[in-house]
Amino acid sequence: MSDIKKVASVMDEFSRRSFLGAGSVALATAAFSGLTVHAQQQGKNDPASNPGQENDLLLRENPNSNMPPATDKGAIGPIWYSFDLAHKRIEKGGWTHEVTQRELPPSTDLAGVNMRLTAGSFRELHWHTADEWAFMLYGSARVTVLNPDGTVFIDDVNKGDLWYFPAGLPHSIQGLGQDGCEFLLVFDEGHFSEDNTFLVSEWVAHTPPEVLAKNFNLSPEEVAKLPKDELYIFPADLPKSLVEDRASVGGKSVEAQQQYTFKMEAMAPTKKTAGGEVRVVDSRNFPASKNIAAGLVMVKPGGMRELHWHPNASEWQFYIAGKGRMTVFMPTGRARTMDFNANDVGFVPAVAGHYIENTGDTDLVFLEMFKTQEFQDISLNNWIRRLPPEMVTAHLNLDAASIRKIPAEKQEVLIR
Ligand code: MN
Ligand code: MN
């Protein structure tokens, strides 16, 4: 018997016992959570039934969208998108796809790009209007960035490391090792597009050759060798060692003082509880990261990123591993719950309340990103426990003993 038929026959059994009445949808949902999503809707005349078409694969990944919790209400705009739905631009040396304000219209602060470079391949020398924050998801890369004072930063980044390139500073990324790399880029402009950057190849292709000859001190024959089209992502040989590359540009005398890379995954957790870990990187521990703050969150099975909000920014999330669900709360009594899987993007409007619950049986890992200098959050629990108990009783009908059970300090990640 297929899963669907199995569940349908169990549902019929429930119907015979008059267990599944019109008002029992939520109960049935709870009873069958983890089973086939649309089979929950097979009951005859069930108000939530869906006898017409459905995208079964999509619904299985989004049970809380298919059958919202009874507490959900109204529309708050999109809070979910996936890189796996975005157009993938495939080049000879790798690929790129992006989730911007075009895909998530309320995300005006940040946009994201997911990029792959094979071993030796370059993301061409370029610069752009937005600040660039990046997290290495797989493999390793060599990055370079030039400061206005003529000093240069060259470093290698590995899985779990990040880099930050301020707007306008020219930089490069090259895949290393046996299989190159894959990384997430986050830009502090909602409409930022990876296809809209200043490329060195296009500049020389669109400058009169006699001007290039004068500027570079090159002969016309040499100028004729310059590229006529964009390179963007293209294959090349692996570079020399980091030490050799640093030496070949002039060594210590031209080395940047500013550190543009950071080992995020390897750092000690900012907060560690029985429910998981949080690592926060912002301008306080990584001074280069002036306009983007980030939290790398791990939530154990059964755990939850507690009910909270961020007083200073909207939140852009990237899901790295595991399964989770988030409900976003907005005025006036609106709430939306969505499910999140690896490679999905989540969005929380500025100051909107939310939690993220691990709904799987493996660690849930995600990045929460903010267009701000300093990561800030407010815990609902912490707020309640910083109020006179009588005030809490008047609002929430809880007696003093119940109030004392609520964690007094911000946990970030809870477990029960
Ligand atoms: Mn860039
Ligand atoms: Mn948050």
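The values are calculated or read from the model by the stated rules, or taken from the named source; none is laboratory data. All values reported here derive from a predicted model rather than from experimental measurement. Positions of Cβ are backbone-derived with ideal geometry, glycine not excepted, and every protein chain shown enters the neighbour counts. Side chains are part of the model used for accessible areas, which takes the heavy atoms of the whole protein and leaves out ligands, DNA and RNA. Shrake-Rupley method; radii C 1.70, N 1.55, O 1.52, S 1.80 Å.
Odds and ends about this structure:
- None of 90, 79 is aliphatic (A, V, I, L, M) and touching a residue at least 24 places away in the same chain (Cβ under 8 Å) except 79.
- Of the strands (runs of 3 or more DSSP E) entirely within the range 102-200, those holding at least 2 residues that are modelled with pLDDT of 95 or more and more than 11 Å from ligand 1 (Cβ to nearest atom) occupy 111-117, 132-146, 152-158, 161-165, 171-175, 181-187.
- Tally of residues being on the phi < 0 side of the Ramachandran plot, open to solvent by less than 40 Å² (accessible area, probe 1.4 Å) and either within 16 Å of ligand 1 (Cβ to nearest atom) or among the hydrophobic types (A, V, I, L, M, F, W, C) (or both) across the range 90-101: 6
- Residue satisfying all of: in the range 102-142; of a type in the set (Lys, Arg) and farther than 20 Å from residue 202 by Cα; nearest to ligand 2 (Cβ to nearest atom) among these: 102
- Condition check for residue 216 on (1) among the hydrophobic types (A, V, I, L, M, F, W, C); (2) in contact with a helix residue (DSSP H, G or I) (Cβ under 9 Å, 6 or more places away or on another chain); (3) open to solvent by less than 80 Å² (accessible area, probe 1.4 Å): one failure, at (3).
- Filtering the range 120-166 to residues that are among the hydroxyl-bearing types (Ser, Thr, Tyr), crowded, with 19+ Cβ neighbours inside 10 Å and farther than 29 Å from residue 229 by Cβ leaves only 164.
- Selected residue (criterion: nearest to the chain's Cα centre (by Cα)) from residues of the range 271-282 that are in contact (Cβ under 8 Å) with a residue 60 or more places away in the chain and open to solvent by 40 Å² or more (accessible area, probe 1.4 Å): 271
- Which numbered condition residue 240 misses (of (1) of a type in the set (Lys, Arg); (2) more than 30 Å from residue 324 (Cα to Cα); (3) not assigned by TED's automatic domain parsing to the domain that holds residue 180): (3)
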